1. Each label point is 7 Å from the Cα along the Cα-to-Cβ direction; what then is the distance between the points at residue 232 and residue 301, in nm?
2. By how many nm would the segment from residue 279 to residue 120 grow when fully extended, if each residue of separation counts as 0.36 nm and the alpha-carbon distance is taken off?
3. Using only alpha carbon pairs under 8 Å that are at least six residues apart, calculate the relative contact order of the stretch 246-322 and give it in whole percent.
4. In terms of the Cα gyration tensor, with a ≥ b ≥ c the square roots of its eigenvalues, is the stretch 115-212 rounded because a/c is under 1.5, prolate because a/b exceeds b/c, or oblate?
5. Arranged from highest to lowest average of other beta-carbon atoms within 10 Å per residue, in what order do the peptides 350-360, 246-256, 154-164 appear?
6. For the chain, what does the helix formula give at 222 nm: sum of -39500 (n - 2.57) over DSSP H segments with n ≥ 4, over the residue count, nearest 500 deg cm²/dmol?
7. At a Förster distance of 45 Å, what's the computed FRET efficiency of residue 87 paired with residue 266, Cβ-Cβ distance as r, to 0.05?
8. For the stretch 68-120, what is the charge dipole size about the Cα centre, in debye to the nearest 20, if Lys and Arg each add +1 at the Cβ and Asp and Glu each add -1 at the Cβ?
Amino acid sequence: MKKILLPILICFSSFSVNAQAVADSIDMGEGYLNEVFYQLGTQAKTAVPFNGTGGWDIGFQTTLMNASIISDENSILVFKAPNADSTDYASLDVSGYAGWQQLYNSDSTWDKGAFNMGADPSNYFDFGWGIYDFNTHEVYGDSLFVLVKGTDVYKLWIRKKTAGGDYILRYANTTLGGGDVDVTIPAASYSSKNFVYLNLATPATIDLEPASSDWDILFTRYFTYIPYAGMYPVTGVFSNTGVTVAQADSVDLSTVSYADYSAGLSANLTEIGYDWKVFIQPYGPYVIVDSLIYFVKAKDNSIFSLHFTDFNSTTGKTYFETEKLLTGIDELKGNLTQAVLYPNPSTDQVNIVCDALANSVLNVRMFDLTGRELLQYTYKVRSGLNVESLDLPEVSPGVYNLMLSTGDQQVALKLMVIKQ
């Protein structure tokens, strides 16, 4: 049986525990002037202005395989010119834009920005703003857009995305007059980021966000559909690409376990979203949903809990608590390179599966949540994969910490015990 289980276990990320709650907050500023990128493991924060000096209007996805183009919904309105194509750019009449359909970024995926809306879902090569050419590996823009920023009205043609990943576009401020602006966005040069940005008035390519590997969630302002209200601006949280989230509703925060929700991890952009708070009509304030918690699998594969504690719409501050529950295997340093418990939850016996670099002695100690030591065992482990069984006949149902130590290395694993 062990030979069958081992390949299955190695397919899972292996973890250690570092249980320490951290109270933190982010500040978007009065009027939500900024959005804030946040890394759960380090609590690193990067504030990015929505508009004004250094702010952005349009964002371009940097990966070669996608061509998502997003808008800063807090600064501009986006409309697609109906019944027009690239040949109509010079003569485009923008006066009727108010009667056109306004476009919004997707609130479920980074891969569909406002400019991607309207793509033919049956055509894999249609990106909404242009069509991919299989022979040249370029996307050729076949659509025209009108952008409204304050009192300025722009017409825009995203001419193409080159095979090398650069975006070439042409636009003009029809309110101020003047000539066309031709811009090349060297998106491939920013491949460590998800998006690179453009300020229409400058115009300049703007490098704003941290590397994709350096953040997990984004506190931002975005539009979503609200029943009876239509598309409506909300303040909430996006997940980074590669980050997944499980939401636990109506739970006791003191006893809820990630093990019960790990199968529900979702890559939905707004799995956290905005509804962790409720606005009390008609004048507020916001009230936090106190029986709601999120489990977040971060970019480094660590698992964190995230619980919101307060939100101030006047100051733009959000308060929350995070706790690292499980540490990704990439962070394990020492003789053990993988360590996991199986099954977890357990009843009368649990298997300790570990991968060791060399022959050594493994000490295992079990503690309850008060720190009281319950069990202690010593095993001889060999270089390579090892499976050791730990009997739990006298252990009461509950959550426990197992401390694995070999040499100078210590790894803590959280175990849940249930009785049938």
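1. 4.1 nm
2. Values: separation 159, 0.36 × 159 = 57.24 nm, distance 3.73 nm.
Taking residue 279 through residue 120 to full extension adds about 53.5 nm, to one decimal.
3. Reported relative contact order: 27 percent.
4. Values: a/c = 1.82, a/b = 1.23, b/c = 1.49.
In terms of gyration-tensor shape, oblate.
5. 154-164, 350-360, 246-256
6. After summing the helix terms and dividing by the residues of the chain, the value is -500 deg cm²/dmol.
7. 0.60
8. 60 debye
The values are calculated or read from the model by the stated rules, or taken from the named source; none is laboratory data. Values in this document were obtained by computation on a predicted structure and should not be read as measured data. Cβ: placed from backbone, ideal geometry, glycine included. Neighbour counts: every protein chain shown. Calculation scope for accessible area: heavy atoms of the full protein, side chains included, ligands and nucleic acids excluded. Shrake-Rupley method; radii C 1.70, N 1.55, O 1.52, S 1.80 Å.
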